[in-house]
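What follows is a short report on a single structure.
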Amino acid sequence: MYLVTGATGGIGRRIVRLLREREQPVRAFVRLTSRYGELEQRGAEIFIGDLREDKDIQKACKGVQYIISTHGSGIDAQALDYRANIELIDQAKEQGVQHFVFISVLGADRGYEDAPVFKAKRAVEKYLEASGLNYTILRPSGLASNLIPLAEQFRQTGIYLLNGDPKNRTSIVSTDDLAQIAVDSFTIEGARNQIFPVGGPDILKREDIPRIFGRIFNREPIVINPPLLVLDGIRNAIGFVNPQARKGLGTFRTLLANEFFCTKSEITNLELIYNLKLESLESFVRRYLGD
Ligand SMILES: NC(=O)c1ccc[n+]([C@@H]2O[C@H](COP(=O)([O-])OP(=O)(O)OC[C@H]3O[C@@H](n4cnc5c(N)ncnc54)[C@H](OP(=O)(O)O)[C@@H]3O)[C@@H](O)[C@H]2O)c1
């Protein structure tokens, strides 16, 4: 039995689909408020709980052999990115789980002080490495599925809101490729006890993204690029009423202020180990939204 957390998220949903296509038994950890109908229809066992509750994690882990942690956190990195994953790893040990796949983030090891999600991911990576479990840690850059709403908006208006420095580099990864890599990590020998940066085949500048959309939808992009100072102002104002939200926005600011891309050799290595050809952002968006 595979346990998938974040099963209704961009990555988790695709992982459940893939596992079910391969006729594997899957337990999908969802919340009562999650949109899990599709997962149920595909034959996943639905476990309703909250990852903030250790007792829910303990119950969900009963009898599983494989765990894939893909859940996100919103602004509560301490409870979800950190505590919930530590509890999942502890339970994995107790249950004698055969392999644990953890979705981390590219740059988790760069020591960003002001980014709670990055700090939590790095702490969990270290805990997993030291756990004695078989593991694979995947550090994706930006996910292509997150750009679908922006691409839809662009199709209608031609407007693209470009946050951060337009010249900063990124390697947007196809969320379908990432899901396949996560699932194949259980069986590919070269993936055991490894950490992989995961990106798409191209190193893009942020300003390339509206150009790609322009090509796909055949319209001239109107790019709006607010300076980071605007975000800093909003963040400080929010901090007066909600210090927790201010901290959460630190992760967002870190994402905007830095470059997140994989080198060519990292991509070649990934393609070799997982025996796949990574998909470009353009191909991903065309597949989902093209005519
Ligand atoms: N997005 C990116 O560009 C990116 C880049 C690098 C790494 N990552 C990492 O990749 C992973 C997945 O990202 P994503 O964008 O696919 O996530 P997502 O679409 O935002 O999904 C988050 C998932 O976590 C679940 N979740 C949140 N709080 C929960 C709770 N208290 N109890 C149970 N489930 C809860 C959500 O359930 P509901 O459906 O109920 O909300 C949802 O299924 C995350 O670990 C993220 O840090 C993301």
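When only Cα pairs under 8 Å and 6 or more residues apart are kept, what is the percent relative contact order across the chain? Can you show the working numbers first?
On the way: 543 pairs, mean separation 53.3, N = 291.
Answer for the chain is 18 percent.
Among 281, 128, 272, the largest mean-square fluctuation in a Gaussian network model of the chain (Cα springs under 10 Å) belongs to 272. For the range 24-177, taking Cα atoms only, Rg and Dmax work out to 17.3, 53 Å respectively. Overall, the anisotropy analysis places the range 188-238 in the oblate class: the square-rooted eigenvalues a ≥ b ≥ c of its C-alpha gyration tensor yield a/c not less than 1.5, with a/b not exceeding b/c. Within the chain, the whole DSSP H helices whose Cα atoms reach 18 Å or more along their own axis and whose mean Kyte-Doolittle score is at least -0.5 are 228-241, 243-257. Normalised radius of gyration (Cα atoms, divided by 2.2 N^0.38 Å) for the range 125-191: 1.55.
Shown here is the pair-distance distribution of the range 220-291: with all Cα-Cα distances grouped in 10 Å bins from zero up to the longest one, the shares run 15, 25, 27, 26, 8, 0 percent. Between the C-alpha center of the range 45-103 and that of the range 178-205 there is a gap of 21 Å. With all pairs of different C-alpha atoms in the average, the Kirkwood value for the hydrodynamic radius of the range 47-90 is 10.7 Å.
Along its principal axes, the chain has C-alpha extents of 54, 46, 38 angstrom, given from the largest down.
If you model the range 1-54 as an ellipsoid using its alpha carbon gyration tensor, with each semi-axis the square root of five times an eigenvalue, the axes come out at 17, 11, 10 Å, biggest first. Mean-square fluctuations from a GNM of the chain, with a 10 angstrom spring cutoff on Cα atoms, peak among 226, 210, 201 at 226. If you bin all the Cα-Cα distances of the range 158-248 at 10 Å, starting from zero, the percentages per bin are 14, 26, 27, 25, 8, 0.
Only the coordinates and a few stated rules stand behind these numbers; no lab work does. Being a predicted model, the structure only gives us computed values, none of them experimental.
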